[in-house]
Amino acid sequence: MHMADALISPAVGGTMLAVTAGVAAYSINKVKHEMDEKKIPLMGVMGAFVFAAQMINVSIPGTGSSGHLGGGMLLAILLGPYAGFLTMASILLIQALFFGDGGLLAYGCNVFNLGFFTCFISYPYIYKWLTRKGINSKRIFWSSMISAVIGLQMGSFSVVIETLLSGKTQLPFGSFILLMQPIHLAIGVIEGLVTAAVVTFIWKARPELVERAADGGVPRGISMKKVLTVLSIAAIIVGGALSWFASADPDGLEWSVEKTAGTAELQADGKIYDTLSEIQQKTAFLPDYDFKSGESENTQEIDNEEAEGVWPNVNLGTSISGIVGGALTLAFTVFIGFAINMVKRGRKKATA
């Protein structure tokens, strides 16, 4: 559900960037009071895992569409809403800058749609409410499923509202929403299943992590080695190999846009679009999760058509993208965590 720049106007993109920056600033302020050093590597590894998982699109039977893990609920459940939101913002920034996935103008929209509704609405008001009487495997499953579905429904509805406010006449509200909501309902079920599986594993390995996430901390005196090791290995396997098995079908957003407008790629003219596109072309050293090609456009089109007929698509560029992207996300998220922790320590020393 990564929006391209052509789907929104500069006014909407700028407004949502400001809103997202405000939510991020609020999250940083909250995290400063609850940050534990043991939580920082968990933020990084979870960011790497979600980055890799988002590369795998799963076909939705009978639709010609596909969907991938959003990851917002998973991050909120294991890290708490504030650290979860910051981790999602980090993932989407790495994707947009270095892989050309999601527009730079649309960055604020994408973080808000994928991070805000899951971390600050679905998690506290649905997941926590459903698990308020205690956590067990059954409650994890149903609370993860329901909260993931509702969070994705709100996020997909937000996409429709953002295109409406942007004046995109190619995407009339009624037609667009009648396609977006049902397809993301199916994708939400997939997200719920993955979320429940990962949370259940971590709960069985280290129940304190899940039980204390709501408080924003990590229990002191427990070993994180097993959880971090398994998630790290999973991120490498998912990004480096399982990404070959991703569906070639368009994701739910692209599918809905194509069904509504007749094309998956809307055109947007204007200096700001051109400037941001040029910046993204320069920074994205693995565009679309593959190596840059120096071949002619005609040759590329032929290669792409041939690749679409091959499954799994065994591609070294995809594997490198999954591993490098996960590593960049881990490094950037850990950097943010340590920076916040250093500010927290500095303030403590200043008041001591």
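A few remarks follow.
- Here's the picture: charge each Lys and Arg Cβ at +1 and each Asp and Glu Cβ at -1 in region 1-148, and of Asn113, Ile135, Ala11 the one pushed furthest to the positive end of that dipole is Ile135.
- In this calculation the C-beta distance from Glu278 to Thr169 is compared with R0 = 25 Å, giving a FRET efficiency of 0.40.
- Computed from the Kirkwood radius of its Cα pairs, the Stokes-Einstein diffusion coefficient for region 141-201 at 4 °C and 1.567 mPa s stands at 106 µm²/s.
- Positive-end residue, the chain charge dipole about Cα centroid, Cβ charges, pick of Met88, Gly322, Gly240: Met88
- Full extension of the segment from Lys138 to Val230, taken as 0.36 nm per residue of separation minus the current Cα-Cα distance, would add 30.8 nm.
- Along each principal axis, taking the top coordinate minus the bottom one, the Cα set of region 5-351 gives 59, 41, 38 Å in descending order.
- Positive contributions from Lys and Arg (+1) and negative ones from Asp and Glu (-1), summed over other residues with Cβ under 10 Å from the Cβ of Tyr82, come out at +1.
- Charge dipole of the chain about the Cα centre (unit charges at C-beta), most positive-ward option of Thr20, Met342, Phe291: Met342
- Between region 25-87 and region 229-286, the alpha-carbon centres lie 18 Å apart.
- Two tests apply to each whole DSSP H helix in the chain, Cα reach of 27 Å or more along its axis and mean Kyte-Doolittle hydropathy of at least -1.0, and the ones passing both are 10-34, 137-165, 173-205, 316-351.
- Per-pair calculated FRET efficiency, R0 = 25 Å: Ala241 and Phe285 via Cβ, rounded to 0.05: 0.70
- Cα-Cα over 30 Å, subset of Lys226/Lys349; Lys39/Lys282; Lys128/Lys225; Lys133/Lys349: Lys226/Lys349; Lys39/Lys282; Lys133/Lys349
- If you plug the beta carbon distance of Ala248 and Arg347 into 1/(1 + (r/R0)^6) with R0 = 41 Å, you get a FRET efficiency near 0.20.
- Rounded to the nearest 20 debye, the dipole size of region 5-351 about its Cα centre is 2780 debye, using +1 on the Cβ of Lys and Arg and -1 on the Cβ of Asp and Glu.
- Relative contact order [Cα under 8 Å, 6+ residues apart], the chain, whole percent: 30 percent
- Other residues within the sphere of radius under 14 Å centred on the Cβ of Met46, judged by their own Cβ, net out at +3 (K and R +1, D and E -1).
- Partner lysines whose Cα lies under 16 Å from the Cα of Lys259, excluding those fewer than 8 positions away in the same chain, are identified as Lys168.
Taken together, the values in this text are just the output of simple stated rules run on the coordinates, not laboratory data. Note that this is a predicted model, so its numbers are computed, not measured. Ideal geometry is used to build each Cβ from the backbone, glycine not excepted, and the neighbour counts take in all protein chains shown.
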